[in-house]
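Colleague: Here it is, the structure, as structure tokens.
The values are calculated or read from the model by the stated rules, or taken from the named source; none is laboratory data. The structure presented is a predicted model; accordingly, all values stated were derived computationally and were not measured. Ideal geometry is used to build each Cβ from the backbone, glycine not excepted, and the neighbour counts take in all protein chains shown.
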Amino acid sequence: MKKLVLFAAILLALVGRVAAQDLTSVDFRLRDVDGNEFSFQKYLASVKEGGEKGAVLISFWAMWCEPCKQEMKALVSVYEKYKDKNLHYLAVNLDNPRSLAKVKAYVRAQKLPYDFLLDPNSEVFKKLNGQSMPYSLIVSQDGKLVAKRTGYIAGDENEIEADIKKLLE
């Protein structure tokens, strides 16, 4: 029984980390909270122009998800530390269209420094194999998925920072 529990724990740990996967052919188009259209591939191209190294953190969240909101707040210091080193943060909201006003108000009130996109039908979330939230992906500037995480507990921002730091140094 102990071996089975250990095996399950190791398997869960490995699920959180992934071998590099290619996202260069994955494109998605969403609107930001102001209604402007966004293309992932165009965004990735701008990250490449920003320097020889770069990273994109994509985080899926919803208004009802307290761990999601905690993660976004905890990552402000990480983002501020690395944004000048070509780190980009996409916060993709999964609330339904009726909640759009609440999402906009929350984003404005929190003054979080990220790019906020809307995925009201969870199409991109599903396309990128999301199953539960928060769901975060770290992508290199050349489109390689280098890490993914599901869930958040205080302190996880340190592991996320370590993954980002590897890409940017």
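Colleague: So, restricting to strands (runs of 3 or more DSSP E) that lie completely within the range 1-63, which ones have at least 1 residues that are modelled with pLDDT of 85 or more and within 13 Å of residue 148 (Cα to Cα)?
Modeller: 55-61
Colleague: Applying the selection to the range 153-162, what residues are in contact (Cβ under 8 Å) with a residue 12 or more places away in the chain and closer than 14 Å to residue 81 by Cα?
Modeller: Across the range 153-162, the qualifying residues are 157, 160, 161.
Colleague: What pairs can you find where one residue is in the range 29-40 and without any contact (Cβ under 8 Å) to a residue 40 or more places away in the chain and over 12 Å from residue 104 (Cβ atoms), the other is among the small types (Gly, Ala, Ser) and loosely packed, with under 13 Cβ neighbours inside 10 Å, and their Cβ atoms are less than 6 Å apart, with a gap of 6+ or different chains?
Modeller: Note: pairs meeting the criteria are 29/39.
Colleague: Something else: Which one of these is touching a helix residue (DSSP H, G or I) at 6+ places or on another chain (Cβ under 8 Å), closer than 20 Å to residue 31 by Cα and in contact (Cβ under 8 Å) with a residue 24 or more places away in the chain: 82, 135? Talk me through it step by step, then tell me what you get.
Modeller: On the way: 82 fails: closer than 20 Å to residue 31 by Cα.
Of 82, 135, the one residue that is touching a helix residue (DSSP H, G or I) at 6+ places or on another chain (Cβ under 8 Å), closer than 20 Å to residue 31 by Cα and in contact (Cβ under 8 Å) with a residue 24 or more places away in the chain is 135.
Colleague: At negative phi, crowded, with 17+ Cβ neighbours inside 10 Å, outside any strand (DSSP E or B) and out of contact with any helix residue (DSSP H, G or I) (no Cβ under 7 Å at 6 or more places or on another chain): which single residue out of 90, 112, 167, 145 fits that description?
Modeller: 167
Colleague: Please go through the range 68-87 and give me each residue that is surrounded by 16 or more Cβ atoms within 10 Å (Cβ to Cβ) and either among the hydroxyl-bearing types (Ser, Thr, Tyr) or part of a helix (DSSP H, G or I) (or both), ordered by number.
Modeller: 68, 69, 70, 71, 72, 74, 76, 78, 79, 82, 85
Colleague: Can you name the number of the only condition in (1) out of contact with any Leu (no Cβ under 7 Å at 6 or more places or on another chain); (2) more than 21 Å from residue 40 (Cβ to Cβ); (3) assigned to a helix (DSSP H, G or I) that residue 152 fails?
Modeller: (3)
Colleague: Could we say that residue 104 is outside any strand (DSSP E or B) and among the basic types (Lys, Arg) here?
Modeller: When the stated conditions are applied, residue 104 passes them.
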